[in-house]
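Laboratory data are not the source of any read-out in this text; all were calculated from the coordinates shown. None of the values given here were measured: they were computed from a predicted structure. For neighbour counting, all protein chains shown are included, and Cβ atoms are generated from backbone atoms with ideal geometry for every residue, glycine included.
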Amino acid sequence: MHHLQLCGANTRRYHGLLVAPLSPPAQRHVILSKLDEAIEIEGKIIPLYTNLGKKYISEGYKRQVSFEKDIIPTFEYNVDGISIKKQIVMEYEKNTVCILYTIKNSEKRATITLSPVLNFRDFHRMSTNHYFELTQTISETKVKAIVDENKITPIYFYLSEGNYVKHENDTYYNMYYTEEEKRGFFPEENHIVSGTYYVDILPDKEKKITFVCSLEDNIEEINAEKVIKREEKRIEKIIKNSKLLGKESNKKEEVIRELIKTSDSFIAYRPITKLHTIIAGYHWFLDWGRDALISFEGLLLITKRYDLAREVLQTFTRDIKFGLVPNGYSGYDNRPLYNSVDSSLLLFEQINKFLNYTKDYVFIKENLYEKLKTIIHSYHDGIDLDDNNIYVDTDGLLVSGTEKTQNTWMDAKIEDFVVTPRNGKAVEINSLWYNALMIMASLSEKYADKKTNEYCVKLAEKCRKSFTKKFYNKDKHCLYDVLGDNKIRPNQLFSISLSYPVLDPKSKQAKEMFETVTKKLLNKYGLKTLAKGESNYIDIYEGDSFKRDVSYHQGITWPWLLGIYTDAFKRIIEVEKPGKKKQELEIKWKEYIKSIENTFGKVVKNGICVRKHTRTFRL
């Protein structure tokens, strides 16, 4: 798959050169699927593009000599001594893609042709067996195209020079997506080819050509070379302001630099709220409260993007309802969704970290403190919105969910089939609840709110005592994942990894739990979601959508869990008394860190790392 994508072939329905959110960051639509290039020399047309059909593959990849990506993706081709460099860049926070072609010709006269392959569909759907209606208004090399009568949202594209010849009813039939077929979906769809640009390249000359496709009208003055320089300057400024470079080895700094660059891909702007937010992942996730707050420190605090951090905290607290932070927003109408028990509790941990970095207690007091109080009282008194069924039981432990509700991060559900039912008293939820109470107690003391302080301290102490008494599983030397469920899962690490651990890290229970997790779940890429040997364990994530959903949290390794494992490991070392045991732990710690750096250093260097899911930045 990766090799095909590096050739510019689309292997999923979500792929395209311009996939634009019509209501940012929601309502994503495939607009420009591809731009197919070819070189014509002495009457012979040689394709540079690579497309897949059921029984064929076009051979542009044979002319490709390299692909590189630092900040800008760059493809290079060579055809009979003619070198073509293609660089792709998006205009920052605009639905505009620019492509810069730098062409160095040999002694032969040549013509480069560029053919826009268009669509206009929701990126989840496909234009299978579809007949397109296309109208075009042409002004020299600028085109206004209306696909399937979407007059409210015309597509504009432009070439800096050359001639444009429109095509009539030129349907691209049955583009074939290999990755869709692997997932059990129908893999073919149609597109419409609007026309072709022709640009002559004189012998022994060099030429730079800008192609622009946008949902905005005034694009004639856009110069791709200038857009590239602006984007490079913007990213380099983020890297410089992070102050994370200049302290480590060259090898480690290369990884850090790549992570900082990639982290920016997950920061999005919501024009409706005029606030920035965090996208949970690609291709299809929008801004999810849980994912944003898991990755908050790695994306925004470590990189010192504190102003954006303030906006993101406001984004995920502006729509709190009955004490619930939205787990996400609808991709179609931006409606907040509330199927999450942990998002509100994760908010407390990230606010505490925000304060550790910034000391900005004024911002929290003026903007968030009253909302935090609402969350605490709502959770204690009970929340039944969207069947979350959240309340504090008489033993002081937090209950959440029903048999049909998936509101923890292990949330795979296929119609009415709940893959990993975790309703009841879940280990990480109660760890987060205790942590939230203690953070609220600390804040209320800072703000001289005695009533809230006493309320939270009392609830926290009751929760801690019951947790210590009820969650230890002596048969497996670990913690129950949910009271009544003794499967070994990684969620128990939350009990000692948060700012305020509900389980005493010095205790025998904590040490045994950590050793069990290390032996049963840890590997070099992350932590397994279920220990091998447990019922319904699945080792490999593959197959159609049903098989993948069933396996999602049943043994599959998740990299982001290394973050809570690392915090738990540090806590275990910190509380150990000086002596032989502490020295042994410190040696294991160095080995662990070296292993993680080597593994993810290779992954980042190979370019297949962190763009999939923002939770990776919990590392």
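Mind ordering 400-410, 586-596 by average Cβ neighbours within 10 Å, highest first?
Top to bottom by mean Cβ count within 10 Å: 400-410, 586-596.
Give me the base-10 log of I(q)/I(0) for segment 2-231 at each q in 0.09, 0.18 Å⁻¹, Debye formula, one uniform scatterer per Cα, rounded to two decimals.
-0.35, -1.55
For the ranges 517-527, 426-436, what's the packing order if you count other beta-carbon atoms within 10 Å of each residue, average per peptide, and put the highest first?
Values: 517-527: 17.9, 426-436: 27.8.
Going by the mean number of other Cβ atoms within 10 Å, highest first, we get 426-436, 517-527.
Set the Förster distance to 41 Å, then compute FRET efficiency between Tyr357 and Thr518 from the Cβ-Cβ distance, nearest 0.05.
0.90
Given a Förster distance of 56 Å, report the FRET efficiency between Lys458 and Glu168 from their Cβ-Cβ distance, rounded to the nearest 0.05. Intermediate values should be presented prior to the final figure.
Values: r = 76 Å, r/R0 = 1.36.
Efficiency for this residue pair is about 0.15.
For the charge dipole of the chain, defined by +1 on Lys and Arg C-beta atoms and -1 on Asp and Glu C-beta atoms about the Cα centroid, which residue among Ser115, Ile155, Gly298 has the Cα displaced farthest towards the positive pole?
Positive-most Cα among the choices belongs to Gly298.
With a cut-off of at most 12 other beta carbons within 10 Å, and DSSP calling the residue loop, which trypsin sites (Lys or Arg not before Pro) in segment 235-336 qualify? Please list them.
Those satisfying the criteria are Lys243, Lys247, Lys274.
Between their Cα atoms, which of Lys208/Lys251; Lys508/Lys570; Lys151/Lys321; Lys144/Lys208 are more than 25 Å away from each other?
In this structure, Lys208/Lys251; Lys151/Lys321 exceed 25 Å between Cα atoms.
Any idea how far apart Lys570 and Lys182 come out in nm if each label point goes 7 Å out from Cα toward Cβ?
About 3.5 nm, to one decimal.
Of the listed peptides 280-288, 188-196, what is their order by residue-averaged count of other C-beta atoms within 10 Å, with the highest listed first?
Answer by packing, highest mean first, reads 188-196, 280-288.
Could you tell me which of Leu202, Ala412, Leu52 has its Cα farthest along the dipole of the chain towards the positive end, charges placed at Cβ (Lys, Arg +1; Asp, Glu -1), taken about the Cα centre?
Ala412
Based solely on its DSSP helices, what 222 nm [θ] is calculated for the chain when runs of n ≥ 4 H residues each add -39,500 (n - 2.57) and the sum is averaged over all residues, nearest 500 deg cm²/dmol?
Taking each H run of at least 4 residues, the total per residue is -10500 deg cm²/dmol.
How big is the charge dipole of segment 117-201 about its Cα centre, in debye rounded to the nearest 20, if each Lys and Arg gets +1 on its Cβ and each Asp and Glu gets -1 on its Cβ? All intermediate terms of the calculation are to be shown ahead of the outcome.
Details: 8 positive and 14 negative charges, 48 e Å.
About 220 debye.
Put +1 on the Cβ of every Lys and Arg and -1 on every Asp and Glu Cβ in segment 243-618; which of Asn598, Ile390, Val341 then has its Cα farthest towards the positive end of the dipole?
The residue sitting farthest along the positive end of the dipole is Asn598.
Can you pull out the GluC sites (Glu not before Pro) in segment 1-57 that DSSP calls coil and that have at most 11 other Cβ atoms within 10 Å?
Glu42
Identify the chymotrypsin sites (Phe, Trp or Tyr not before Pro) of segment 67-175 meeting these criteria: DSSP loop state and at most 11 other C-beta atoms within 10 Å of the C-beta. Working shown, then result.
Details: sites: Phe67, Phe75, Tyr77, Tyr92, Tyr101, Phe120, Phe123, Tyr131, Phe132, Tyr156, Phe157, Tyr158, Tyr164, Tyr172, Tyr173; in loops: Tyr92, Phe123, Tyr131, Phe132.
Those satisfying the criteria are Tyr131.
Within segment 15-43, find all residues whose amide N lies under 16 Å from a label point positioned 7 Å from the Cα of Ser139 along Cα-to-beta-carbon.
Answer for segment 15-43: none.
About the Cα centre, and with charges only on the beta carbon of Lys, Arg (+1) and Asp, Glu (-1), how big is the dipole of segment 2-231? Nearest 20 debye, please. Show your work: numbers first, answer last.
On the way: 30 positive and 34 negative charges, 95 e Å.
Here the size comes out at about 460 debye.
Considering only the other residues whose Cβ falls under 14 Å of the Cβ of Arg234, what net charge follows from Lys and Arg at +1 and Asp and Glu at -1? Don't jump to the answer; show the numbers that get you there.
Numbers: positive: Lys94, Lys226, Lys229, Arg230, Lys233, Lys237, Lys240, Lys261, Arg305; negative: Asp70, Glu91, Glu93, Glu231, Glu232, Glu236, Asp264.
Its environment carries a net charge of +2.
In degrees, nearest 10, range 0 to 90: what is the angle between the Cα axis of helix 580-605 and the longest Cα principal axis of the chain?
The angle comes out at about 20 degrees.
Take the Cα gyration tensor of segment 243-618, multiply each eigenvalue by 5, square-root it, and list the three semi-axes largest first, rounded to whole angstrom.
27, 26, 24
In debye, nearest 20, what is the charge dipole magnitude of segment 66-106 about its Cα centre with +1 on Lys and Arg Cβ and -1 on Asp and Glu Cβ, if you could check?
Here the size comes out at about 80 debye.
³J(HN,Hα) across segment 353-368 via Karplus (A = 6.51, B = -1.76, C = 1.60, θ = phi - 60°), whole Hz, x for Gly/Pro?
Residue by residue, segment 353-368 yields 5, 4, 5, 4, 7, 10, 6, 8, 5, 5, 4, 5, 5, 6, 10, 10 Hz.
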